[in-house]
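Down below is the structure, laid out as C-alpha cells.
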Amino acid sequence: MKSKPFFSIIMLLAFSIFITGCATTQTDLAKNGIVTVTRLSSNHARIHTTHVSKRNDSVRISGHVKFANSFRASRQGHVDITIINPDSSILTKTTAATRHAHRPRNDNRPSPYSVTIPLVIPKGSEIQVIYHAGGVKPECTHATDY
C-alpha cells in the first residue's frame, strides 16, 4: 500500500514533463526587446494590446482593438500591420481582420485580431499597427488567422 502514493507522484511528474515537452515554445519579441511595437490610434478605435510571438520560422502578431464609446458605425474593420527594418526600410505590410464585428453597439468588449507571417524579423525592427473601419483590403500580402 505504501507504493501507491509513490506511483501516483511518479505518474503526475511524468505527465507534467510530457505536457511541457510537447508544448510549442513561443518567444515574445516585444517583451524581450527584440522589436518595438508602435500602436497608432484612429478616431474610432485604438489598439488595446499587441503581442509579437516567434514560432519557428514565422512570427504571429495578435492583440485586441478597443472601440471608442461614441463609435456608432459598424465595427467591421481590419488592422494594418507594417514591419520596418532597423534601417527604416519596409520589410512587409499585411492586414488582419478583426473578429466579432457584429456585436450590439453598447457592447464595448475588445475585438481580437491575429496574423501569422512566414518571416524572421531582424532585431531592432519596428512593428506599426493601426485599426481602420471597413473590410480587409484585397491587396494584403498574408492571410489572416481569423
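For the residues F6, F67, what sequence is obtained by ranking on other C-beta atoms within 10 Å, fewest first? Before the final figure, lay out each step's value.
Working: F6 9, F67 24.
Ordered by Cβ neighbours within 10 Å, fewest first: F6, F67.
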Full-extension gain between A30 and A68, please, as 0.36 nm times their residue separation minus the C-alpha to C-alpha distance. 11.1 nm
Any chance you could list the semi-axes, whole Å, largest first, of the equivalent ellipsoid that the Cα gyration tensor gives for the stretch 26-133, using √(5λ)? 27, 13, 11
List the residues whose amide H sits under 5 Å from the amide H of V59, counting only those 5 or more places along or on another chain, with H placed 1.01 Å from N in the peptide plane. I117, L119
Pull up all non-local amide H partners of L29: gap of 5 or more, or a different chain, and H-to-H distance under 5 Å with H placed in the peptide plane. V52, S53, K54
Can you list residues from other chains, or at least 5 along the same chain, whose modelled amide H is less than 5 Å from the amide H of Q76? G134
Amide N proximity, the stretch 32-61 versus K123 label position 7 Å along Cα-to-Cβ, cut-off under 19 Å: 32-37, 52-59
Can you work out the Karplus-derived ³J(HN,Hα) for every residue in the stretch 109-123? Use 6.51 cos²θ - 1.76 cosθ + 1.60 with θ = phi - 60°, whole Hz, and x for glycine or proline. 5, x, 9, x, 9, 6, 8, 10, 10, x, 7, 9, 8, x, 4
Under the 0.36 nm per residue contour assumption, what length would be gained going from the current alpha-carbon distance of R55 and T82 to full extension? 7.9 nm
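Coordinate-derived values only; no laboratory data. This one's a predicted model, so the numbers in the text were calculated from it and none came from an experiment. Positions of Cβ are generated from backbone atoms using ideal geometry, with glycine treated the same way; all protein chains shown enter the neighbour counts.
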